[in-house]
Amino acid sequence: MSIYIVALLIGVVAGMRAFVAPAAVSWAARLGLLHVGGTWASFMASVWAVGAFSILTLVEFVTDTLPNTPSRKVAKQLIPRLFSGGFAGAVIGAAAGTTGVVGGLILGVAGAAIGTFVGYEFRSRLVAAIGGKDLPIAILEDVLAVAIAAVALFVVLGAN
């Protein structure tokens, strides 16, 4: 699978959960599945990056379930998701060389837009289908975001 497809998928993850994407990319770099050594993105393989993004992910999982959390489609939620997707995609692209960074960034942003709006519809429709209970669907979406990231990074990159 192309590194660019992985960048698009990790962007979709960022659209669903902003911090899962950089956390997964950092873990993949730390475990040696994503080779970013010698690039501008080499810091993503550090224990500090892994720790920081992992903690931010856990915080996001909790805050997403709070009743006063705004919609992911408003600017203050959408812009960080686009940034996260672009950043994670650029890191993935860096593993392919200097020319991969721009492509990874663009596809990461596009994936984040897709993940934001499709994820919103997915969650809204499932919540309505089960009678308005958001928490089980929020947890399902957390699991789905992690699963997509794991397949994209750990299975696909691990097979290469």
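The values are calculated or read from the model by the stated rules, or taken from the named source; none is laboratory data. Owing to the predicted nature of the structure, the values given are computational and were not obtained by experimental measurement. Cβ coordinates were reconstructed from backbone atoms using ideal geometry, including for glycine residues, and neighbour counts include every protein chain displayed.
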Expected single match for part of a helix (DSSP H, G or I), of a type in the set (Ser, Thr, Tyr) and surrounded by 21 or more Cβ atoms within 10 Å (Cβ to Cβ) among Ser26, Ser54 is Ser26
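Go over the candidates Val143, Val109, Val127, Val102 one by one and state the one that is part of a helix (DSSP H, G or I), in contact (Cβ under 8 Å) with a residue 40 or more places away in the chain and out of contact with any Ser or Thr (no Cβ under 8 Å at 6 or more places or on another chain).
Numbers: Val143 fails: in contact (Cβ under 8 Å) with a residue 40 or more places away in the chain; Val127 fails: in contact (Cβ under 8 Å) with a residue 40 or more places away in the chain; Val102 fails: in contact (Cβ under 8 Å) with a residue 40 or more places away in the chain.
After ruling out the rest, the residue left standing is Val109.
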Conditions (1) under 21 Å from Ala94 (Cα atoms); (2) in contact with a Leu (Cβ under 9 Å, 6 or more places away or on another chain); (3) not in a helix (DSSP H, G or I) -> Thr65 fails only (1)
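Picking from Arg81, Arg72, which residue would you name as being farther than 18 Å from Phe154 by Cα, within 18 Å of the chain's Cα centre (by Cα), crowded, with 19+ Cβ neighbours inside 10 Å and at pLDDT below 95?
Details: Arg81 fails: at pLDDT below 95.
Of Arg81, Arg72, the one residue that is farther than 18 Å from Phe154 by Cα, within 18 Å of the chain's Cα centre (by Cα), crowded, with 19+ Cβ neighbours inside 10 Å and at pLDDT below 95 is Arg72.
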Picking from Ile137, Ile92, the residue that is at negative phi and either modelled with pLDDT of 95 or more or within 12 Å of the chain's Cα centre (by Cα) (or both) would be Ile92
The condition from (1) in contact with a helix residue (DSSP H, G or I) (Cβ under 9 Å, 6 or more places away or on another chain); (2) among the hydrophobic types (A, V, I, L, M, F, W, C); (3) closer than 24 Å to Ala49 by Cβ; (4) modelled with pLDDT of 95 or more that Ala147 misses is numbered (1)
Note on region 36-76: residues within 20 Å of Leu105 (Cα to Cα), touching a residue at least 40 places away in the same chain (Cβ under 8 Å) and not small (Gly, Ala, Ser) are Val36, Thr39, Trp40, Met44
The one condition Gly38 fails out of (1) surrounded by fewer than 23 Cβ atoms within 10 Å (Cβ to Cβ); (2) within 23 Å of Ile137 (Cα to Cα) is (2)
